[in-house]
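What follows is a single structure, written as structure tokens, with notes after it.
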Amino acid sequence: MSASLLAAKHVRAVPGLKAKGGNIIAGGTLAIAERNCGAATGSPLIIVDGLGLDRIEVKAKKVTLGALVTMAGIARERRLGFLHPVANSIGGPAVRAMATVGGNLFAPSPYGDVAVALLALDAEVAFHDGKALRKLPLEVFLKSRKKLRSAFVTGVSFALPQARDFRYIKVVRRKPVSASVITIAALLPRRAGKIAGARLALGAMAPHAIRARKTESALEGRALDRKAIDQAVEVVTEATAPADDVYATAWYRREIAPVHLKRLLGAAP
Ligand SMILES: Cc1cc2nc3c(=O)[nH]c(=O)nc-3n(C[C@H](O)[C@H](O)[C@H](O)COP(=O)(O)OP(=O)(O)OC[C@H]3O[C@@H](n4cnc5c(N)ncnc54)[C@H](O)[C@@H]3O)c2cc1C
């Protein structure tokens, strides 16, 4: 099947090309299938290489990942060691060489593992909506991404955490990598032995990555002891809406969420 290609010269030009029916191709690991047989069948592909969005910046403890940073790029960046398990949990080496951070924010569940990690990191998304560059918390962006049809994500940023405060687990049916049965990312900073600023995100438990607010509340201000963990685990499936798919049923996902959360929270930091 032939494809027409539209090369964007500026970030601000991309939303207009999208509004005219084009579909952005970043790494193309999903966009090509969408174009050939999915939601964007036959649409022109918008090429966004060459806009300088493939850079990783770590400055004054703030991390900015350009939208075109790949999983392999994250895995090569030694300052982002805590994110290596996240990047390496996505597809095989060929997928990781192409799959981008920006594309991951649009990947349908059970994909979107980077989005889960970024949600736990309280990341902010920068995007151009055709009028101006805007920023939104990732949580808000994920909820409204369908409405933001012509948005072009340029990057994400977040505060560099202490590596020991970040935890990540992705449960798969086929080792070493496969799509998620459930993905959990947590940021558990501690002050005087008590959790201060708990953030916990879940993947494959809703149409997009979500925060587990009740679990966060159960952990906040507590020592990470057995009692706190048991109470946190009890509420982890509240406000979730997992799907049945080829990897697991919704029932199974709900059953195993507390088990894996308990392991994640109980692991030595
Ligand atoms: C074999 C295989 C295994 C996979 N395994 C995993 C996995 O384990 N975990 C996981 O999370 N994902 C997985 N994926 C899905 C996918 O590879 C990743 O989610 C990837 O990060 C998507 O990025 P991409 O650059 O390839 O996106 P693309 O395919 O280029 O784009 C995906 C969608 O997002 C839009 N888009 C892309 N970039 C932007 C942007 N900057 N602004 C606005 N819209 C944009 C595109 O128009 C398209 O609709 C897998 C895919 C394959 C084919």
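The values are calculated or read from the model by the stated rules, or taken from the named source; none is laboratory data. Everything numeric here is computed off the predicted structure, so don't read it as measured data. Don't worry about glycine lacking a Cβ; one is built from the backbone with ideal geometry, like all the others, and counts go over all protein chains shown. Ligands, DNA and RNA are stripped out before the accessible areas are found, and what is left, the full protein with its side chains, is counted by its heavy atoms. Shrake-Rupley method; radii C 1.70, N 1.55, O 1.52, S 1.80 Å.
Suppose the filter is under 30 Å from residue 65 (Cβ atoms) and either of a type in the set (Ser, Thr, Tyr) or within 16 Å of the chain's Cα centre (by Cα) (or both); does residue 182 pass it? The answer is yes for residue 182.
Could you tell me which residue of region 167-182 is surrounded by the fewest Cβ atoms within 10 Å (Cβ to Cβ), considering only residues that are within 13 Å of the ligand (Cβ to nearest atom) and within 23 Å of residue 79 (Cα to Cα)?
The residue in question is 168.
Exactly one residue out of 190, 211 is closer than 16 Å to residue 170 by Cα, among the charged types (D, E, K, R) and either open to solvent by 60 Å² or more (accessible area, probe 1.4 Å) or touching a residue at least 24 places away in the same chain (Cβ under 8 Å) (or both): that is 211. Listed conditions (1) more than 11 Å from the ligand (Cβ to nearest atom); (2) open to solvent by 50 Å² or more (accessible area, probe 1.4 Å) are all met by residue 81, apart from (2). Only one entry in 226, 173, 191 is under 24 Å from residue 108 (Cα atoms), of a type in the set (D, E, K, R) and out of contact with any Leu (no Cβ under 6 Å at 6 or more places or on another chain), namely 173. Considering only residues in region 16-70 that are open to solvent by 30 Å² or more (accessible area, probe 1.4 Å), among the small types (Gly, Ala, Ser) and not in a loop (DSSP other than H, G, I, E, B), the one that is nearest to the ligand (Cβ to nearest atom) turns out to be 33.
Within region 146-166, count every residue that is among the basic types (Lys, Arg) and buried (at least 19 other Cβ atoms within 10 Å of the Cβ). Residues in region 146-166 being among the basic types (Lys, Arg) and buried (at least 19 other Cβ atoms within 10 Å of the Cβ): 0 in total.
Against the criterion of being crowded, with 17+ Cβ neighbours inside 10 Å and within 30 Å of residue 13 (Cα to Cα), residue 228 does not qualify. Among the residues making up region 144-169, those that are modelled with pLDDT of 95 or more, among the charged types (D, E, K, R) and either over 15 Å from the mean Cα position of the chain (by Cα) or more than 17 Å from residue 87 (Cα to Cα) (or both) are 164, 165. For residue 107, the test of being within 24 Å of residue 174 (Cα to Cα) and either within 13 Å of the ligand (Cβ to nearest atom) or part of a loop (DSSP other than H, G, I, E, B) (or both) is passed.
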